[in-house]
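Beneath this line is the structure, given in structure tokens, with notes to follow.
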Amino acid sequence: MYNAIGYATQTPTAPLTPMKFTRRDPRPDDVAIEILYCGVCHSDIHQARNDWGFAVYPVMPGHEIVGKVTAVGDKVTKHKVGDLVGVGCMVDSCRECSACKEDLEQYCLEGATMTYCTPDRVDGSNTMGGYSDSIVVSEHFVVRIPEKLDLASAAPLLCAGITTYSPLQHYGVEAGDKVGILGMGGLGHMGIKFAKAMGAEVTLFTRSEAKAAEAYRQGADHVIVSTDPQQMKAAADSFDFLLDTIPVPHDLNPYLETLRFDGVHILVGLIEPVEPALNAFNLVFKRRVLAGSLIGGIAETQEMLDFSAEHGITCDIEMLDIKNINEAFERVVKGDVKYRFVIDMKTLKA
Ligand code: NDP
Ligand code: ZN
């Protein structure tokens, strides 16, 4: 065991504060990582505040991790000391079920071990995330950061990136498709970049007219202000895919109406019950599909990083001193960040 430090919260309402704890010595297949950067995902806030009802305290969030390998177990073959690597939302899974065998560890039939707030499969301890100086993870769940990528702005690719890349790939988005991205935050701005790189004609649906210029800068071809019923009506029956990153319950019906027949509305914002109710008419009469998608598998995460390097895609970030993490949470909830906070872990050592 070795000493580690990070920021954690003890209850759904308490602020995050520094916490000393221990990390395990690397097991034979483990990689020990010195964390350099960690992104701040809206899911970190949902979990710290127990919005989903299954948080285990203390909660030390962080699943957009980039760092340097400091030690490896004696069976490790993929990574070596000094390598620049990433860890996303998962650190383990059963590795034997049909989902794991298809490289879809996120849908592990036994439940994947998440980077924080989940019992470790071997010793049962509560996993602690990347708001810390180090982490120890089985090599299978550690990906390589391509040389071309800037390390800090690559960190959010580990969650915001793969969560938007994976469904666009799965549903086969290709040149000429019309894709709508709902909400331009951490996930949404990555959705615009990936859909554009895949050749789609991309529209941002946003609540605020003020984001239009930014959206065009991110690569969007069109912007629809979702609070304007006229603009929503004018878009009826036109989209092939919608990628919905809105983090709160919202009326899906006006969005469904913008899909053409056979169009797919993909939920990635974790919104719990859909309210108000869906009008089934909006699905049935146009054979439309309402779908969901959870992050992406490890092989696909590596593919997404390589795709990002090839297409020059990274996240737009604001660097964060970890002592300001609680203010940062408030600002994310208010939508006051362009578009991801990334903690510079040097500030933790200071
Ligand atoms: P952000 O807060 O960065 O962005 C969300 C965006 O949604 C905002 O920028 C805003 O865009 C829009 N929005 C916010 N509040 C409202 C509201 N009240 N009504 C309508 N639109 C709103 O969040 P993230 O991008 O980090 O995460 C988005 C969601 O995705 C979260 O729920 C998160 O937990 C979830 N998530 C899901 C994953 C998965 O695997 N499925 C993985 C990671 C995250 P605008 O101002 O343009 O309207
Ligand atoms: Zn996330």
Kindly indicate whether VAL202 is under 21 Å from ALA235 (Cβ atoms), in contact with a Lys or Arg (Cβ under 6 Å, 6 or more places away or on another chain) and not in a helix (DSSP H, G or I).
-> yes
Hydrophobic (A, V, I, L, M, F, W, C), open to solvent by less than 60 Å² (accessible area, probe 1.4 Å) and closer than 16 Å to VAL85 by Cα - does that describe any residue in region 280-291?
-> no
How many residues of region 38-72 are more than 16 Å from ligand 1 (Cβ to nearest atom), buried (at least 24 other Cβ atoms within 10 Å of the Cβ) and assigned to a strand (DSSP E or B)? The answer is 2
When ARG49 is run through (1) farther than 23 Å from ILE162 by Cβ; (2) within 20 Å of the chain's Cα centre (by Cα); (3) at pLDDT below 95, the failure sits at (3)
When you look at GLU34, is it assigned to a strand (DSSP E or B), surrounded by fewer than 15 Cβ atoms within 10 Å (Cβ to Cβ) and not polar (S, T, N, Q), yes or no?
-> yes
Scanning for something without any contact (Cβ under 8 Å) to a residue 60 or more places away in the chain, closer than 27 Å to ALA160 by Cα and either among the charged types (D, E, K, R) or surrounded by 13 or more Cβ atoms within 10 Å (Cβ to Cβ) (or both), does region 266-273 turn up at least one residue?
-> yes
So THR22 fits all but one of (1) within 13 Å of SER134 (Cα to Cα); (2) touching a residue at least 24 places away in the same chain (Cβ under 8 Å); what number is the exception?
-> (2)
Test: residue in region 226-244 that is at pLDDT 95 or above, of a type outside the set (A, V, I, L, M) and open to solvent by less than 20 Å² (accessible area, probe 1.4 Å) | yes
Which condition breaks for THR127 when tested against (1) more than 16 Å from ligand 2 (Cβ to nearest atom); (2) surrounded by fewer than 24 Cβ atoms within 10 Å (Cβ to Cβ)?
-> (1)
Region 242-350: helices (runs of 4 or more DSSP H) wholly inside it with 1 or more residues that are among the aromatic types (Phe, Trp, Tyr) and in the same structural domain as ASP133 (by TED's automatic domain parsing) are 325-334
So, in region 266-287, of the ones that are touching a Ser or Thr at 6+ places or on another chain (Cβ under 9 Å) and closer than 19 Å to MET232 by Cβ, which residue ends up modelled with the lowest pLDDT?
-> GLY269
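The values are calculated or read from the model by the stated rules, or taken from the named source; none is laboratory data. Note that this is a predicted model, so its numbers are computed, not measured. With ideal geometry, Cβ positions are generated from the backbone for all residues, glycine too; neighbour counts draw on all protein chains shown. With ligands, DNA and RNA removed, areas are computed over all heavy atoms of the protein, side chains included. Shrake-Rupley method; radii C 1.70, N 1.55, O 1.52, S 1.80 Å.
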